[in-house]
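Reading through the structure tokens given below for one structure.
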Amino acid sequence: MSDNGTVSSNGFGRRILEWYRTHGRHDLPWRKSRNPYNILVSEVMLQQTQISRVIEKYREFLLAFPSVRALARANARDVLVVWQGLGYNRRALYLQRAAYQIVKEHNGRFPRHVEKLEALPGIGPYTARAVAVFAWNAPEILLETNIRRVMLHFFFRDQDRVSDSQIEPLLQRMLHHKDPRIWYWALMDYGAGPLKKISNPNRRSKHYIKQTRFEGSRRYVRSKALSFLLGCDSGKSEEHIECELLKDTHCASYLSEYDISPILEALVNEGMICRKRRLYAVARRPY
């Protein structure tokens with residue numbers, strides 16, 4: 001394989017797999033499981049969250065909710081408490097809604113067809129295919145941040161605004177039908193390993209979005225409001241919640257310009273909290 005980006009699919013595959021055998025992250029706990037529930041939990045947690053933060057939360061979550069049925073019948077408050085520290089709290093509720101639907105409509109058994117997995121709440125095309133690949137070794141096309149980084153680096157080195165629709169046919173041609181699970185782990189680890197040391201090729205993706213600052217953002221205030229309510233034994237008024245949030249410098253900066261009412265209303269609409277007699281509390285069920 002040359003260094004100018006001109007590679008054959010066979011040479012490329014050998015290079016990636018040889019590197020993975022020696023340097024791959026073989027000890028990640030979810031890679032030791034073939035249980036589709038465990039795989040789904042890991043995939044949802046890994047969305048926009050660093051692996052180092054996910055590992056312990058993954059173990060803690062499965063200890064608290066060891067099966068899809070256990071998660072489906074759990075109190076949403078308990079689910080959110082365990083989820084604290086991962087961010088993007090709505091992911092936890094979507095995960096619980098998916099578990100409930102699997103129990104209600106599929107008798108607790110994961111549907112093996114990607115289309116039926118995609119029909120579950122909060123499960124998009126990538127997550128559905130990731131469950132199929134990593135639980136059942138299904139030969140599906142997977143494209144996420146690290147895989148995209150690898151493909152852009154080797155096959156689109158001099159191009160900008162590369163769309164995923166340009167990358168997917170290459171992935172289709174190079175798909176390892178014998179063991180797609182290992183192949184995708186190798187691609188992910190190569191993207192998260194040696195390619196982390198170079199300028200991020202993902203900036204040349206048409207779908208690249210630069211992450212915005214969390215502190216002082218609307219999402220930050222949402223997170224702090226929910227965390228506060230999770231620590232309360234009773235409902236709190238909007239005024240009480242705002243007063244508590246103003247103690248945080250970043251929240252105070254946001255609330256000096258914006259009202260907290262739309263944030264609380266959004267949390268109610270998403271099923272995270274409920275409102276009764278002008279008091280807000282964490283909801284018992286997300287469905």
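Laboratory data are not the source of any read-out in this text; all were calculated from the coordinates shown. Note that this is a predicted model, so its numbers are computed, not measured. Note that each Cβ is placed from the backbone with ideal geometry, even for glycine, and that neighbours are counted across all protein chains shown.
The table below lists the values:
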| quantity | calculated |
| --- | --- |
| In the stretch 218-287, trypsin sites (Lys or Arg not before Pro) in a DSSP loop with at most 13 other beta-carbon atoms within 10 Å | 247, 277, 278, 284 |
| Rounded, prolate or oblate (a/c below 1.5 giving rounded, otherwise prolate when a/b exceeds b/c) for the stretch 134-287 by Cα gyration tensor | prolate |
| The stretch 8-43: trypsin sites (Lys or Arg not before Pro) falling in loop per DSSP and having at most 14 other Cβ within 10 Å | 25, 34 |
| Average Cα contact separation per residue, the stretch 79-233, under 8 Å, 6 or more apart, as relative contact order % | 22 percent |
| Under-21-angstrom lysine pairs by C-alpha in the chain, whenever the two are 8 or more apart or on separate chains | 12 |
| Residue (of 154, 142, 185) at the positive-pole extreme of the stretch 126-243, dipole from beta-carbon charges | 154 |
| Expected 222 nm ellipticity per residue - DSSP helices of 4 or more, -39500 (n - 2.57), all of the chain, to 500 | -16500 deg cm²/dmol |
| Highest-fluctuation residue, 166, 84, 48 considered, GNM on the chain with Cα pairs under 10 Å | 166 |
| Selected from 108, 19, 126, residue furthest toward positive end of dipole (the chain; charges at beta carbon) | 108 |
| Charge dipole (debye, nearest 20) of the chain; +1 at Cβ of Lys and Arg, -1 at Cβ of Asp and Glu | 560 debye |
